[in-house]
Amino acid sequence: MFACWEKILNMAQKPVSIAPLVIFRVLFGAAMTLSTCRFWTLGWIHEHFIQPKFMFKYFGFGWVEVAPSWVMYLIHAIMILSSLGILFGFFYRFFTILFFILFTYIFLLDATYYLNHYYFVCLMTFILCFLPANAFFAIDIYLNPQKIQKTVPFWCIFIIQFQLAVTYIYAGLVKINYDWLFLALPLKIWLPAQDKIPIIGFIFKYSFVAYLFSWVGMLYDLSIVLWLSLKKTKNVAYLIVILFHILTGILFQIGIFPLVMIFCTTIFLDANLHKKILAIFITTFYFIKLKIEDIKKNVVCRKYFAANNFFFISIGFYIIAQILIPLRFLFYDESIFWTDEGYRFSWRVMLAEKSGSVTFYITDKQKKRTWIVDNRDFLTIHQEKQMAIQPDFILQYAHFLYDSYKKNKNDELEIKVESFLSINGRASKLYIDSTLNLASLEETFSQKNWVLNSKN
Amino acid sequence: MTLQLKIAVLLVLSVFIASCGGDSGSSDAQFDRTSMLKSTAENIILPNAAEAAAKANALNSELKSFVAAPTGEGLTKVQNAWKSAFLAYINITPFNFGPGENGLVGDLLSNVATFPANTGAIEERIVKKNVNFNDFARDTRGFLALDYLLFDLKNDNSRILESFKSSPERGAYVAALAQHLASNLEDFNTKWASYQKEFVANNGTSAGSSISLLYNEFVRSYEAVKNFKVALPLGKRPGQLTAAPQLVEAYYSGISSEAVKAHVAIIEKIWKGVSKDSEKAIGFEAYLLTVEGGKALTEQTKLQQETLARTIAAELPTSERLSLLIETKPASVEKVLTELQKGIRFYKSDMSSLLGISITYTSGDGD
């Protein structure tokens, strides 16, 4: 047992080139800068955080509140600044932690904007807080040359690779289901809608293309990390990564994230390649005085960051948690497609076409009146759409309505809902038990028995 | 490389097996969205916009001569012109996008058809001779302000006539209202003629594409009939303690039921693809028929449309004021509300899903 642990520790601390980590830092920082600027210029700060009258919360994070609008803009400005700090390795530790905190805050504000990729960025920046990614090719080193490092312990590279592996492999595993593989759903719905794409658009009218894409997508997600890891295949695999993400970027409205994945997967490439690229940069930009040669004589691998047992046990826990969290749907009886229990934080990327319609009825028992709620009085179209397909949001909104319309202490209000859900283009079915008073239900992690059985 | 070769072979094989075995009668037919957009623009939107503009202009000129010399005969003419202009406008309410949403003080719909009219504010404006309509007091202008000024609840036309004879300010205000209406609808009409090309060319399905704009406003419009034209006067909006019959659309003229009927009819026409002259056009139905699962949905939807039309015909007689009906036979009106509600799911959850239309206004940021 201990011998095994020792072995793992030795492997984890084995010095490897810092170059992949440094390039990762630069690319990740650049992607975050781009992403935040894009978010701002598209007017999404206003649309996502200032316009909505009600925001949906993550379980346990109900206390995260939106700030006044000028603060929201300020936060994004600081995020842009921080991401530049990451990119250039300038006050790297400070800016990485700052970016992590601010990005996570933004992420937690409204759960209807949950995206697997936002979660991925949260995790990545969290990891980056612990890594010495600024120990080379960074302004911090220019200012403070004796902190230079040519190598890092292996775990610094591994943990990033691991996170990417979890993301891809789970995204692949969840695609192994009947709809995806044997009915080519939802791609059979999504692809024909893309028939106006230049040059290749015409192929999407053929249903075999949907099958092809479904299977290729599944195999790609499942195995790409393996191909990226094997010495023989990694370069070809990286070209496939680029092709794959460019294609999905064209086909689906997924913004900046194909770029993020193309950037992040460079961590798998051969360290010598990274070194060469760095060398080109360093010789091109003369103001970075540190030549490769200086570094060669200069540096030994320093043990980074009080790498004690406790730290490695923490990493172990992180790894186990990342493996277990996506599996929590196994504890629920119903199909995860239907109930959405266990959907978030599980890398279920673009897996099903879901849409629903939800109408809330408020009954004031004393006044003996039943009212119909117009969701657009409180929600944006996006929020309404997301709420309609996720039961915990329906419940949250029901509680919000209860609180909004309970004017007096003695009012007895009942909130009921008539909701229909359609998955992968099938005829919609009644979703939530319409006889229940949602105001009397509480959100928990246990099975939601108020969500009707999908087979009804 | 050999590994990849193996993978490739495996891949091709499995896809082959999958598409041969699992597929049951999927159609490879491709729907031509461009022709649907073209047809909707040419056969439904443009002719209805032209008619709405023409009728509003007619109302404007009728009103001008009436205000110059108010007579009983003139008033009847004006009232008829208003009715047909208003019903003509209803046919373009679902197209509140593109040229419809570009106004400085809001979209076309809220500028010309906000209800209920704010009668107190209207009277105040008349006294102050305030005919500047470039503000956000939308409930002091548009069709429903005219509804208040031109019609008497008890059909007492002599009272209305007297009000105009005794107050030239009232006449001036009404004339300005009609002018504002006419220019807004004329503007919509001319702008659509030039927007048409862009509308047809923007033939994708992503957020901001013409099909998603059309779809979004289509659903919003249908919901508006349910929420504002029926549920609101029934007292079904949250917080309402009693029915509020005075909140029906077109309360004073009393053509509320006719308006509801017209609104439901245009929604159905857009969906089915029926031109202004009741000719065949291409609508959502044709689109749905080309996608998997679409046939079942169109059948269900049509069934509900028929039920709704039947219920409206039986329960909302146009001879009776909706406001009175709500007081005397609320159950009848509630039946209509129920049927409107039943239709929501077909338009809102099932249809957008099947068509792969992006129903948010802006694109997403990943998944």
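The values are calculated or read from the model by the stated rules, or taken from the named source; none is laboratory data. As the structure is a computational prediction, the values presented were derived from the model and not from experiment. With ideal geometry, Cβ positions are generated from the backbone for all residues, glycine too; neighbour counts draw on all protein chains shown.
Considering only residues of the stretch A:164-211 that are among the β-branched types (V, I, T), more than 17 Å from A:G249 (Cβ to Cβ) and more than 8 Å from chain B (Cβ to nearest Cβ), which is surrounded by the fewest Cβ atoms within 10 Å (Cβ to Cβ)? Working first, answer last.
The initial filter retains those residues of the stretch A:164-211 that are among the β-branched types (V, I, T), namely A:166-167, A:169, A:174, A:176, A:189, A:197, A:199-200, A:203, A:209.
Those left that are additionally more than 17 Å from A:G249 (Cβ to Cβ): A:166, A:169, A:174, A:176, A:189, A:203, A:209.
Pick out the ones that are also more than 8 Å from chain B (Cβ to nearest Cβ) and you get A:166, A:169, A:174, A:176, A:203, A:209.
Values: A:V166: 19, A:I169: 19, A:V174: 22, A:I176: 11, A:I203: 15, A:V209: 21.
Looking at residues that are among the β-branched types (V, I, T), more than 17 Å from A:G249 (Cβ to Cβ) and more than 8 Å from chain B (Cβ to nearest Cβ), I get A:I176.
Just to be sure I understand, how many residues within the stretch B:147-167 are in contact (Cβ under 8 Å) with a residue 60 or more places away in the chain and part of a helix (DSSP H, G or I)?
Count: 9.
Show the residue pairs that are 6+ apart or on different chains and have beta-carbon atoms under 7 Å apart, the first residue being within the stretch A:51-64 and under 24 Å from A:D374 (Cα atoms), the second being among the charged types (D, E, K, R).
Listed by first residue and then by second, the contacts come to A:P52/A:D110; A:M55/A:D110; A:F56/A:D110.
Out of the residues in the stretch A:373-423 that are under 18 Å from A:A352 (Cβ atoms) and of a type in the set (S, T, Y), state the one that is modelled with the highest pLDDT.
A:S419
Quick one: how many residues across the stretch B:98-132 are over 15 Å from the mean Cα position of the chain (by Cα) and not in a helix (DSSP H, G or I)?
Number satisfying all stated conditions: 12.
Looking only at the stretch A:212-239, which residues are surrounded by fewer than 20 Cβ atoms within 10 Å (Cβ to Cβ) and aliphatic (A, V, I, L, M)?
Once the filter is applied, which keeps residues that are surrounded by fewer than 20 Cβ atoms within 10 Å (Cβ to Cβ) and aliphatic (A, V, I, L, M), the stretch A:212-239 yields A:V216, A:L219, A:L222, A:L226, A:L230, A:V236, A:L239.
Here's the yes/no breakdown for (1) surrounded by 17 or more Cβ atoms within 10 Å (Cβ to Cβ); (2) outside the structural domain of A:D221 (by TED's automatic domain parsing); (3) under 21 Å from B:I344 (Cα atoms):
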site	(1), (2), (3)
A:G342	yes, yes, no
A:Y361	yes, yes, yes
A:D392	yes, yes, no
A:Y397	yes, yes, yes
A:K406	no, yes, no
A:F420	yes, yes, yes
A:L430	no, yes, yes
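Restricting to the stretch A:428-441, what's the tally of residues that are touching a Leu at 6+ places or on another chain (Cβ under 9 Å) and not in a loop (DSSP other than H, G, I, E, B)?
5
Out of (1) part of a loop (DSSP other than H, G, I, E, B); (2) crowded, with 17+ Cβ neighbours inside 10 Å, what's the single condition that is false for B:F66?
Every condition holds for B:F66 apart from (1).
Restricting attention to the stretch B:123-164, which residues are surrounded by fewer than 14 Cβ atoms within 10 Å (Cβ to Cβ) and more than 17 Å from B:V248 (Cβ to Cβ)?
Selection gives B:E124, B:V127, B:K128, B:K129, B:N132, B:N134, B:D135, B:F136, B:D156, B:S158, B:R159, B:E162.
Could you say whether any residue in the stretch B:258-275 is over 18 Å from B:F115 (Cα atoms), assigned to a loop (DSSP other than H, G, I, E, B), over 16 Å from the mean Cα position of the chain (by Cα) and not aromatic (F, W, Y)?
No, because not a single residue in the stretch B:258-275 is over 18 Å from B:F115 (Cα atoms), assigned to a loop (DSSP other than H, G, I, E, B), over 16 Å from the mean Cα position of the chain (by Cα) and not aromatic (F, W, Y).
Being assigned by TED's automatic domain parsing to the domain that holds A:I157 and touching a strand residue (DSSP E or B) at 6+ places or on another chain (Cβ under 9 Å) is true for just one of A:A30, A:A12. Which residue is that? Spell out how you get there, then give the answer.
Values: A:A30 fails: touching a strand residue (DSSP E or B) at 6+ places or on another chain (Cβ under 9 Å).
Unique residue meeting the criteria: A:A12.
In the stretch B:317-330, is there at least one residue being modelled with pLDDT under 95, surrounded by 16 or more Cβ atoms within 10 Å (Cβ to Cβ) and among the aliphatic types (A, V, I, L, M)?
Within the stretch B:317-330, not a single residue is modelled with pLDDT under 95, surrounded by 16 or more Cβ atoms within 10 Å (Cβ to Cβ) and among the aliphatic types (A, V, I, L, M).
Go over the candidates B:F199, B:F188, B:F228 one by one and state the one that is in contact with a Ser or Thr (Cβ under 8 Å, 6 or more places away or on another chain) and either at negative phi or outside any loop (DSSP other than H, G, I, E, B) (or both).
Details: B:F188 fails: in contact with a Ser or Thr (Cβ under 8 Å, 6 or more places away or on another chain); B:F228 fails: in contact with a Ser or Thr (Cβ under 8 Å, 6 or more places away or on another chain).
None of the others qualify; the one that does is B:F199.
Being more than 14 Å from chain A (Cβ to nearest Cβ), surrounded by fewer than 20 Cβ atoms within 10 Å (Cβ to Cβ) and at positive phi, is that true of even one residue in the stretch B:269-290?
Scanning the stretch B:269-290, I find at least one residue that is more than 14 Å from chain A (Cβ to nearest Cβ), surrounded by fewer than 20 Cβ atoms within 10 Å (Cβ to Cβ) and at positive phi, so the answer is yes.
Scan the stretch B:177-194 for residues that are surrounded by fewer than 20 Cβ atoms within 10 Å (Cβ to Cβ) and not β-branched (V, I, T) and jot them down.
Answer for the stretch B:177-194, where residues must be surrounded by fewer than 20 Cβ atoms within 10 Å (Cβ to Cβ) and not β-branched (V, I, T): B:Q179, B:S183, B:E186, B:D187, B:K191, B:A193, B:S194.
Here's the yes/no breakdown for (1) surrounded by fewer than 22 Cβ atoms within 10 Å (Cβ to Cβ); (2) facing chain B (nearest Cβ under 9 Å); (3) at negative phi:
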position	(1), (2), (3)
A:F345	yes, no, no
A:K365	yes, no, yes
A:R369	yes, yes, yes
A:D374	yes, yes, yes
A:F378	yes, no, yes
A:I381	yes, yes, yes
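Since A:V16 meets every condition but one in (1) in a helix (DSSP H, G or I); (2) within 30 Å of A:P153 (Cβ to Cβ), which condition does it not meet?
Evaluating A:V16 over (1) in a helix (DSSP H, G or I); (2) within 30 Å of A:P153 (Cβ to Cβ) leaves (1) as the failure.
Hey, among the residues in the stretch B:210-257 that are within 9 Å of chain A (Cβ to nearest Cβ), more than 24 Å from B:A314 (Cβ to Cβ) and not hydrophobic (A, V, I, L, M, F, W, C), which one's surrounded by the fewest Cβ atoms within 10 Å (Cβ to Cβ)?
Across the stretch B:210-257, the extreme among qualifying residues is B:T242.
Taking the condition of being more than 9 Å from chain B (Cβ to nearest Cβ), under 27 Å from A:H274 (Cβ atoms) and not β-branched (V, I, T), how many residues in the stretch A:212-256 meet it?
16
Residue under question is A:A171, and the condition is that it be touching a residue at least 60 places away in the same chain (Cβ under 8 Å) and not in a helix (DSSP H, G or I); does it hold?
Numbers: touching a residue at least 60 places away in the same chain (Cβ under 8 Å): yes; not in a helix (DSSP H, G or I): no.
It is false that A:A171 is touching a residue at least 60 places away in the same chain (Cβ under 8 Å) and not in a helix (DSSP H, G or I).
Just to verify a result, which residue in the stretch A:237-258, among those that are touching a residue at least 24 places away in the same chain (Cβ under 8 Å) and not in a helix (DSSP H, G or I), is farthest from the chain's Cα centre (by Cα)?
Among residues in the stretch A:237-258 that are touching a residue at least 24 places away in the same chain (Cβ under 8 Å) and not in a helix (DSSP H, G or I), the one farthest from the chain's Cα centre (by Cα) is A:F252.
Would you tally the residues in the stretch A:54-86 being among the hydrophobic types (A, V, I, L, M, F, W, C), under 30 Å from A:P20 (Cβ atoms) and more than 20 Å from the chain's Cα centre (by Cα)?
Within the stretch A:54-86, the subset among the hydrophobic types (A, V, I, L, M, F, W, C) is A:54-56, A:59, A:61, A:63-64, A:66-67, A:70-72, A:74-75, A:77-81, A:84, A:86.
Applying the additional criterion that residues be under 30 Å from A:P20 (Cβ atoms) yields A:78-81, A:84, A:86.
This time we only want the ones that are more than 20 Å from the chain's Cα centre (by Cα), so: A:78, A:81, A:84.
Result for the stretch A:54-86: 3.
Table: residues versus (1) surrounded by 18 or more Cβ atoms within 10 Å (Cβ to Cβ); (2) of a type in the set (G, A, S).
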{"site": "A:F24", "(1), (2)": "yes, no"}
{"site": "A:L27", "(1), (2)": "yes, no"}
{"site": "A:I45", "(1), (2)": "yes, no"}
{"site": "A:G60", "(1), (2)": "no, yes"}
{"site": "A:A67", "(1), (2)": "no, yes"}
{"site": "A:F94", "(1), (2)": "no, no"}
{"site": "A:T125", "(1), (2)": "yes, no"}
{"site": "A:D140", "(1), (2)": "yes, no"}
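Suppose the filter is over 20 Å from the mean Cα position of the chain (by Cα) and touching a residue at least 24 places away in the same chain (Cβ under 8 Å); does B:F95 pass it?
Numbers: over 20 Å from the mean Cα position of the chain (by Cα): no; touching a residue at least 24 places away in the same chain (Cβ under 8 Å): yes.
Spelling it out, it is not the case that B:F95 is over 20 Å from the mean Cα position of the chain (by Cα) and touching a residue at least 24 places away in the same chain (Cβ under 8 Å).
Within the stretch B:69-96, track down each residue that is in contact with a helix residue (DSSP H, G or I) (Cβ under 8 Å, 6 or more places away or on another chain) and among the hydrophobic types (A, V, I, L, M, F, W, C).
B:L75, B:V78, B:A81, B:W82, B:A85, B:F86, B:L87, B:A88, B:I90, B:I92, B:F95
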